Amino acid sequence: MTWLIQFFQTSIGKKFLMAVTGIMLVFFLITHLAGNLMLFGGAEMFNNYVLSLRSIKPLIRIAEVVLVLIFICHIFSGIQVTLENRKAKPQPYRVSPGSSTSKFYSRTMAVSGSVIFIFLVFHLQTFWWSFQKKQGNDTGFYEIVVNSSVGYKNPAIALFYIIALLLLAIHLRHGFQSAFQTFGLGESRYKGAIEKVSVLFWLIIPLGFVSIPLYFGFIK
Amino acid sequence: MKITVQAWRQNHRNAEGRFESYSVDNVSEDMSFFEMLDMLNNQLILEGKDPISFDHDCREGICGTCGVMINGRAHGPLSGTTSCQLHMRSFKDGDVLIVEPWRAAAFPVIRDLVVDRKGFDRIMEAGGYVSVSTGGVPDANTLPVSKKNADLSFDAAACIGCGACVAACKNSSAMLFVGAKVSQYALLPQGQVERASRAKNMVKQMDTEGFGNCTNTSACEVECPKEISIVNIARLNREFVRASF
């Protein structure tokens, strides 16, 4: 076990930790989006979906604990890397090269990540926690998400969701490909395939998420 | 041409630095950037002032001694060019050039534009060598090396260790430098004996020196005067994992 801890404390180990946990979180997004899209099927469909998850509660709890552990690793590693990198560049240049040497989304991972974290805390505190409080056959899940004061009917909330999800897209624009570069595949013969698949993760999935607050907040 | 140089002036390692502005007249577009600095320094000496210290040696773009930040770009605005190979025709009359030393905690400023890059030397000492006897020049094809690996190794070996990668990286990461050095040996038969220990020891030394962590922004690749690709960082990652497990 010591060797593994030692590995994750090296600069390359930290990259791997960010990359592996990042990819795991991205796969979680797929299942999360699949569930969320049930909202478009109406109250009954969505409520039944949440109830079906409740019937396998022990499994869901295990998945939640694993997910929290992955998040903690990703967030703490991100904070550690950001602080160390600031220390390594104590004095900035008077002239910034801006986008002539790197893409803005690759330079702003800590900023986009921080906003996503704030969003995550708010999201869990409102939706997830409200769902947990419901007992027995009480099915007001759709009402919470769509029509409550913390739901999408509130334009401020819907807008906050949209902004956070667009930042998620920006975060993944760099994150997905960066993870494969870390694995040593970024410039390999798989580069083209990785770029194509990355569109699914940084563009299509975040847009899928955006469609929900956009529809329930501003269109419906 | 008339050029205004705003250069970083710092008397010694622990002194407070500041920018100072100088005007240089009659600059020819055929001059190199350093010849323009030489002209400015002559001017400063005649005025009884301290000339601007800057590192340089071959002035042919092959030794890796020079390197300054010009208007936020490592080695200036041209790609694949060292500061010494940059000519004043890349600028125009009336331009203001803001000249700064490499900035990194691992590269402390010694004086003006000169930084201490001994951290790179210590990384090389940790594993950037082969200790097998390579003998004299071998006969052709006695030690078969595929064309592909020979080319890739040669591309990596083009690194002159100037430090532009560290300077350009927002995290001051030395991964491109270490990636190039590790790749150069890992791709050749002579480098196999110490392949694993080299990757581990060079990365360990890199971390000890206080270089930052790589976040794959690729700014190093853009600014490298020898156009070393980040494919070498990917290879370093693989080599390090291979050596660690």
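The values are calculated or read from the model by the stated rules, or taken from the named source; none is laboratory data. Computed from a predicted model, the values in this text were never measured in an experiment. Heads up, the Cβs are rebuilt from the backbone with ideal geometry, glycines too, and the neighbour counts pull from every protein chain shown. Please note that ligands, DNA and RNA were not included when accessible areas were found on the heavy atoms of the full protein model with its side chains. Shrake-Rupley method; radii C 1.70, N 1.55, O 1.52, S 1.80 Å.
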State to the nearest 20 debye the size of the charge dipole of the stretch A:1-134 about its Cα centre, where the only charges are +1 on K and R beta carbons and -1 on D and E beta carbons.
380
When Cβ neighbours within 10 Å are restricted to other protein chains, what is their mean count per residue of peptide A:5-12?
6
Go through A:PHE117, A:SER52, A:PRO213 and say which Cα lies farthest out towards the positive end of the charge dipole of chain A; charges sit on Cβ, +1 for Lys and Arg, -1 for Asp and Glu.
A:PHE117
Find the sum over both chains of the accessible area lost when B and A are paired, probe 1.4 Å, and report it in Å² to the nearest 100.
3300
What FRET efficiency, computed as 1/(1 + (r/R0)^6) with R0 = 60 Å and r the Cβ-Cβ distance, is obtained for B:ASP30 and A:SER149, rounded to the nearest 0.05?
0.25
Any chance you could run the full-extension gain for A:LYS134 through A:LYS191? It's 0.36 nm times the residue separation minus the Cα-Cα distance, nm to one decimal.
15.8 nm
For the stretch B:118-244, alpha-carbon Rg relative to the globular expectation (2.2 N^0.38 Å, N residues)
1.03
Considering every residue in A:182-188, what mean count of other chain Cβ atoms within 10 Å of its Cβ is obtained?
6
What FRET efficiency comes out for the pair A:ILE5/A:LEU67, r = Cβ-Cβ distance, R0 = 25 Å, nearest 0.05?
0.70
Give me the lysines in straight-line cross-link reach of A:LYS153: C-alpha distance below 18 Å, same-chain residues under 8 apart excluded.
A:LYS220
Could you give me the ³J(HN,Hα) list for the stretch B:134-141, computed from phi with Karplus coefficients 6.51, -1.76, 1.60 and θ = phi - 60°, whole Hz, x at Gly and Pro?
8, x, x, 5, x, 5, 4, 6
Return the calculated 222 nm mean residue ellipticity for chain A, to the nearest 500 deg cm²/dmol, obtained by summing -39500 (n - 2.57) across DSSP H runs with n ≥ 4 and dividing by the residue count.
-22000 deg cm²/dmol
Mind giving me the nanometre distance, one decimal, between the label points for B:THR142 and A:GLU44, set 7 Å out from Cα along Cα→Cβ?
8.6
Going residue by residue through the stretch A:100-112, the Karplus relation 6.51 cos²θ - 1.76 cosθ + 1.60 with θ = phi - 60° gives ³J(HN,Hα) values, rounded to whole Hz and with x marking Gly or Pro, of 6, 10, 7, 7, 4, 5, 7, 8, 10, 4, 5, 5, 4
I want the antiparallel fraction of DSSP beta bridges within the stretch B:3-110, as a percent rounded to 5.
75
Could you pull out every residue, at least 5 positions away or on a different chain, whose amide H is within less than 5 Å of the one on B:ARG9? Hs are placed 1.01 Å off N in the peptide plane, and Pro or chain starts have none.
B:ARG18, B:PHE19, B:GLU20
Under 5 Å between amide H atoms, partner at least 5 residues away or on a different chain: which partners does B:HIS87 have, H built in plane at 1.01 Å?
B:PHE33
Output row, site B:ALA196, 7 Å Cα→C-beta label point, backbone N cut-off 17 Å, window the stretch B:229-245, residues B:237-245
Mean other chain Cβ within 10 Å across B:215-225 is 6
Label points 7 Å out from Cα along the Cβ direction at B:SER21 and B:PHE154: separation in nm?
4.9
What nm distance separates the two modelled labels at B:LEU44 and B:THR4, each placed 7 Å from Cα along Cα→Cβ?
1.8
Considering only Cα-Cα distances, which of the following residue pairs are longer than 28 Å: A:LYS89/B:LYS148; A:LYS103/B:LYS2; B:LYS2/B:LYS170; A:LYS89/B:LYS118; B:LYS92/B:LYS181; A:LYS87/B:LYS181?
A:LYS89/B:LYS148; A:LYS103/B:LYS2; B:LYS2/B:LYS170; B:LYS92/B:LYS181
Contact order relative to length of the stretch B:111-245, as percent, for alpha carbon pairs under 8 angstrom and 6 or more apart:
33
Using a Gaussian network model on chain A with a 10 Å cutoff between Cα atoms, which of A:PHE104, A:PHE180, A:PHE119 fluctuates the most?
A:PHE104
Mind listing, in residue-number order, the residues in the stretch A:91-111 that have at least 20 Å² less accessible area with every protein chain present than in their own chain alone (1.4 Å probe)?
A:GLN91, A:TYR93, A:ARG94, A:VAL95, A:PRO97, A:SER100, A:THR101, A:SER102, A:SER106, A:ARG107
Over the Cα atoms of the protein assembly as shown, what is the Rg over Rh ratio if Rh follows Kirkwood?
1.07
Please list, in order along the stretch A:73-84, the HN-Hα scalar couplings obtained from phi with the Karplus expression 6.51 cos²θ - 1.76 cosθ + 1.60 (θ = phi - 60°), rounded to whole Hz, x for Gly and Pro.
4, 5, 5, 5, 5, x, 5, 4, 4, 4, 5, 5
For chain B, what D do you get in µm² per second when you plug the Kirkwood radius from alpha-carbon pairs into Stokes-Einstein at 25 °C and 0.890 mPa s?
127
Going by Cα centres, the stretch A:176-208 and the stretch B:113-178 are how many Å apart?
29
